[in-house]
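Read the structure below first, then the notes.
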Amino acid sequence: MASRGVNALASRASRIKHKLQSALEASVLEVEDVSYQHAGHAAVKGSTNETHFNVKIVSPKFRGQSLVKRHRMVYDLLSEELQSGLHALSIVAKTPQEAGGS
Amino acid sequence: MARSLSNLLVRGVTGLHAAHSLRTVVSGSLYQHGMRYSTTDDSGSHEDFRPTTKVVNSGLSTKDIVEQDVKENPVMIYMKGIPEAPQCGFSSLAVRVLKQYNVPLSARNILEDLELKNAVKAFSHWPTFPQIFIKGEFIGGSDIILNMHQSGELKEKLKDISVDN
């Protein structure tokens, strides 16, 4: 709960990582800023900064959850970001079994 | 026939479900593709004589409109742009996936209407677009629809929906 102020200074990518990592106990967590790929499209004018991300998460918490539920879990964890300029997320959400891991 | 009706759509007139007497339009239009607009019921009132008001206030809230959209249209997509001219890669992808199936596709452009955009987000509790509903059920965004298409799940979901519906 502490260091919210410090978090605000970090990049959105690192904030996303931080918010997802512990809540989802992710064994794999990749966050990629692909905002540049969407530069110039409608509703992003004036800001190509930290608006679109690819996120890949492998987490045991996804077990038994439909894709919609998994994505909702991610969105809920990132609701602050979504209200402050995060525009879109491409989400890959797998359980350790699905990812072919141990 | 279909061409002149789609022209009507472009001019912002809806009300193409002959079975419904009153249809509220948000500032955008409801696009219907591959759907037979007229029923074979010849009740004597031709669509050309229907009033062409763009916005009809029947007291329906935007939330009501969303509920109506997903209830009445077997495949409903809220997207950026329109199916013929998507304005976002994710919306474009979703439309391309859905068009592989022989199903009617109804769409609203949420870029045209902020109130609609917010109402849809609140309705589905989902923060991004596109948003696809099939038979009234929220399915997800473009990632999910692509995934379901690749796994065959989407074919299953759409199998009892045809263009004649």
(message) Run the reach check for B:Lys99 against lysines, Cα to Cα strictly under 21 Å, same-chain hits fewer than 8 apart removed. What comes back?
(response) B:Lys71, B:Lys80, B:Lys135, B:Lys155, B:Lys157, B:Lys159
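Got a sec? What order do B:Lys71, A:Lys94 fall in by accessible area at 1.4 Å, biggest, i.e. largest, first? Don't skip to the answer; put the middle values down first.
On the way: B:Lys71 175, A:Lys94 80 Å².
Putting B:Lys71, A:Lys94 in descending order of accessible area: B:Lys71, A:Lys94.
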(message) Skipping prolines and chain starts, which residues have an amide H placed within reach, meaning under 5 Å, of the one on B:Lys99, given they are 5 or more residues away or on another chain?
(response) none
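Using a 1.4 Å probe and counting only protein heavy atoms, how much accessible surface gets buried when A and B come together, both sides summed, in Å² to the nearest 100?
Working: alone 6270 and 9110 Å², together 14020 Å².
The contact between B and A buries close to 1400 Å².
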(request) Anything losing 30 Å² or more of accessible area from the isolated chain to the full protein assembly: pick those residues out of region B:68-98, probe 1.4 Å, ligands and DNA/RNA ignored. (result) B:Lys80, B:Gln87, B:Phe90
(message) Using only the heavy atoms of the protein chains and a 1.4 Å probe, how would A:Asp33, B:Asp160 rank by accessible area, largest first?
(response) B:Asp160, A:Asp33
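First select every other residue whose beta carbon is under 11 angstrom from the beta carbon of A:His52; then total the charges, Lys and Arg +1, Asp and Glu -1. List each step's numbers first, then the result.
Details: positive: A:Arg12; negative: A:Glu32, A:Asp33, A:Glu50.
Spelling it out: positives minus negatives among the neighbours equals -2.
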(message) Keeping all protein chains in place and using 1.4 angstrom, which order do A:Arg72, A:Arg15 fall into by accessible surface area, from largest down?
(response) A:Arg72, A:Arg15
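The values are calculated or read from the model by the stated rules, or taken from the named source; none is laboratory data. Since we're looking at a predicted model, the values are computed, not measured. Virtual Cβ from ideal backbone geometry, glycine too; neighbours counted across all protein chains shown. When the accessible area is computed, the model is the full protein with side chains, heavy atoms only, and any ligands, DNA or RNA have been set aside. Shrake-Rupley method; radii C 1.70, N 1.55, O 1.52, S 1.80 Å.
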